[in-house]
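**Q** Before I ask anything, here is the structure I am working with.
The values are calculated or read from the model by the stated rules, or taken from the named source; none is laboratory data. In this text, all values refer to a predicted model and were calculated from it rather than measured experimentally. Here the Cβ positions follow ideal geometry from the backbone for every residue, glycine too, while neighbour counts run over all protein chains shown.
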Amino acid sequence: MSRTAVPLVVALGIAIATWMWFRPAAPPQDDPAEEAQAAEAPEPPVVEYTTGPATPDGTGKFFHGREIAQVMGHAGLGWLERGNREDEEAPSKAIAAIELAPDAVIADIGAGSGYYSFRLAPKVPAGKVIAVDIQPEMLDFLRERASEREIRNVQPHLGAIDDIRVPPATLDAVLMVDAYHEFSHPREMLASLRHALKPGGRIFLLEYRAEDPRVPIKPLHKMTEAQARLEFESAGFRFVKNLRPLPWQHLLIFEKP
Ligand SMILES: C[S@@+](CC[C@H](N)C(=O)[O-])C[C@H]1O[C@@H](n2cnc3c(N)ncnc32)[C@H](O)[C@@H]1O
């Protein structure tokens, strides 16, 4: 090597070493869980509960101005399973109106005896119905019925009064029939649904129509469409539509954006 080349090689070595040392850090690898979280819509503002004198059937606890009804105990199983329910409420029309992919995972929240869960099960032969309730007696009934009928895709599941206890982003859909109005912690339940649903996941909400005085149900066990929209939209859900196939109930659809 010539005498002039030596300093050149040394200078080049120093330059490379400096570049190696100070080069900008590689951009962080994308973490899919973090990305999904970042893509989640921001939490909606917290709506406080209020209290007041309890009316008959009521709890004295109010959400968005609506008094929360008392929970129907498991002694009401017979009423849920009554033989003339089809004539009165046409549940078969509700089941027909609920669109689901054959492999969908749907949670029937406040499933009670599983009246709806078992009727939904044939619509998701490659998926499942998670039948959520807070009363173990309801789940015992459901479990026995599933085993008698050899239905394998209905899964009884014990929820908490403020949490459905399923992992985030696992549900394609949620059904709630005559149950939401009696959730003692609707704000927390709505947040729990938002976390449990996949983006684009749908809620099918059936509630007796409070707008219609001919619907023979106690006032606190009914809801208006406006009230349901207020509660679900404030909780970050998008209103899709009110299907109107049923004689007594709203069939409202909401979507997680
Ligand atoms: C009136 S029953 C309706 C049962 C069923 N959906 C039907 O239509 O046949 C309401 C059910 O909601 C349940 N429930 C009340 N609060 C709940 C909560 N936070 N999470 C899950 N289930 C709840 C009650 O235990 C009860 O079984």
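**Q** Output the number of the condition that Pro186 fails; it satisfies all remaining conditions of (1) in contact with a helix residue (DSSP H, G or I) (Cβ under 8 Å, 6 or more places away or on another chain); (2) closer than 18 Å to Glu99 by Cα; (3) surrounded by 16 or more Cβ atoms within 10 Å (Cβ to Cβ).
**A** (2)
**Q** Spot the failing condition for Gly112; the list is (1) surrounded by 20 or more Cβ atoms within 10 Å (Cβ to Cβ); (2) more than 21 Å from Phe183 (Cβ to Cβ); (3) not aliphatic (A, V, I, L, M), and only one is missed.
**A** (2) is the only condition that Gly112 fails.
**Q** Within segment 229-255, restricting attention to residues that are of a type in the set (A, V, I, L, M) and under 25 Å from Ile217 (Cα atoms), which residue is nearest to the chain's Cα centre (by Cα)?
**A** Applying the first criterion (of a type in the set (A, V, I, L, M)) to segment 229-255 yields 230, 235, 240, 243, 246, 251-253.
Next, only the ones that are under 25 Å from Ile217 (Cα atoms) stay: 230, 243, 246, 251-253.
Details: Leu230: 17, Leu243: 19, Leu246: 22, Leu251: 15, Leu252: 14, Ile253: 12 Å.
Within segment 229-255, the match that is nearest to the chain's Cα centre (by Cα) is Ile253.
**Q** Consider Phe239 carefully, then state whether it is away from the ligand (no atom under 16 Å from the Cβ), at pLDDT 95 or above, surrounded by fewer than 18 Cβ atoms within 10 Å (Cβ to Cβ) and among the aromatic types (Phe, Trp, Tyr). Explain how you work it out, then say what you get.
**A** Numbers: away from the ligand (no atom under 16 Å from the Cβ): yes; at pLDDT 95 or above: yes; surrounded by fewer than 18 Cβ atoms within 10 Å (Cβ to Cβ): yes; among the aromatic types (Phe, Trp, Tyr): yes.
Yes.
**Q** Which one is nearest to the chain's Cα centre (by Cα) among residues in segment 131-161 that are β-branched (Val, Ile, Thr) and under 13 Å from Ser113 (Cα atoms)? It would help to see each step written out before you state the result.
**A** Taking segment 131-161 as the starting set, the residues that turn out to be β-branched (Val, Ile, Thr) are 132, 134, 151, 154, 161.
Narrowing the set further to residues that are under 13 Å from Ser113 (Cα atoms) leaves 132, 134, 154.
Details: Val132: 11, Ile134: 15, Val154: 17 Å.
So the residue we want is Val132.
**Q** So, one more: Where the second residue is loosely packed, with under 15 Cβ neighbours inside 10 Å and of a type outside the set (Phe, Trp, Tyr) and the first is without any contact (Cβ under 8 Å) to a residue 24 or more places away in the chain and lies in segment 85-107, which pairs have Cβ atoms under 9 Å and are six or more apart or on separate chains?
**A** Correct list of pairs: Glu86/Ser92.
**Q** Determine whether Phe62 is of a type in the set (A, V, I, L, M, F, W, C), crowded, with 19+ Cβ neighbours inside 10 Å and modelled with pLDDT of 95 or more.
**A** Details: of a type in the set (A, V, I, L, M, F, W, C): yes; crowded, with 19+ Cβ neighbours inside 10 Å: no; modelled with pLDDT of 95 or more: yes.
It is false that Phe62 is of a type in the set (A, V, I, L, M, F, W, C), crowded, with 19+ Cβ neighbours inside 10 Å and modelled with pLDDT of 95 or more.
**Q** Counting just the residues of segment 39-64 that are in a loop (DSSP other than H, G, I, E, B) and within 16 Å of the ligand (Cβ to nearest atom), which one comes out farthest from Ala226 (Cα to Cα)?
**A** Step one: of segment 39-64, the residues in a loop (DSSP other than H, G, I, E, B) are 40-49, 52-57, 64.
Keeping just the survivors that are within 16 Å of the ligand (Cβ to nearest atom) gives 49, 57.
On the way: Tyr49: 19, Asp57: 22 Å.
Among residues in segment 39-64 that are in a loop (DSSP other than H, G, I, E, B) and within 16 Å of the ligand (Cβ to nearest atom), the one farthest from Ala226 (Cα to Cα) is Asp57.
**Q** Please find, among Asp133, Asp140, Asp163, the residue that is touching a Ser or Thr at 6+ places or on another chain (Cβ under 8 Å) and either more than 9 Å from the ligand (Cβ to nearest atom) or of a type in the set (D, E, K, R) (or both). Steps first, please.
**A** On the way: Asp133 fails: touching a Ser or Thr at 6+ places or on another chain (Cβ under 8 Å); Asp140 fails: touching a Ser or Thr at 6+ places or on another chain (Cβ under 8 Å).
Of the residues listed, the single one that is touching a Ser or Thr at 6+ places or on another chain (Cβ under 8 Å) and either more than 9 Å from the ligand (Cβ to nearest atom) or of a type in the set (D, E, K, R) (or both) is Asp163.
**Q** Let me ask something else. Please go through segment 65-90 and pick out each residue that is within 13 Å of the ligand (Cβ to nearest atom), assigned to a strand (DSSP E or B) and touching a helix residue (DSSP H, G or I) at 6+ places or on another chain (Cβ under 6 Å).
**A** Ala69
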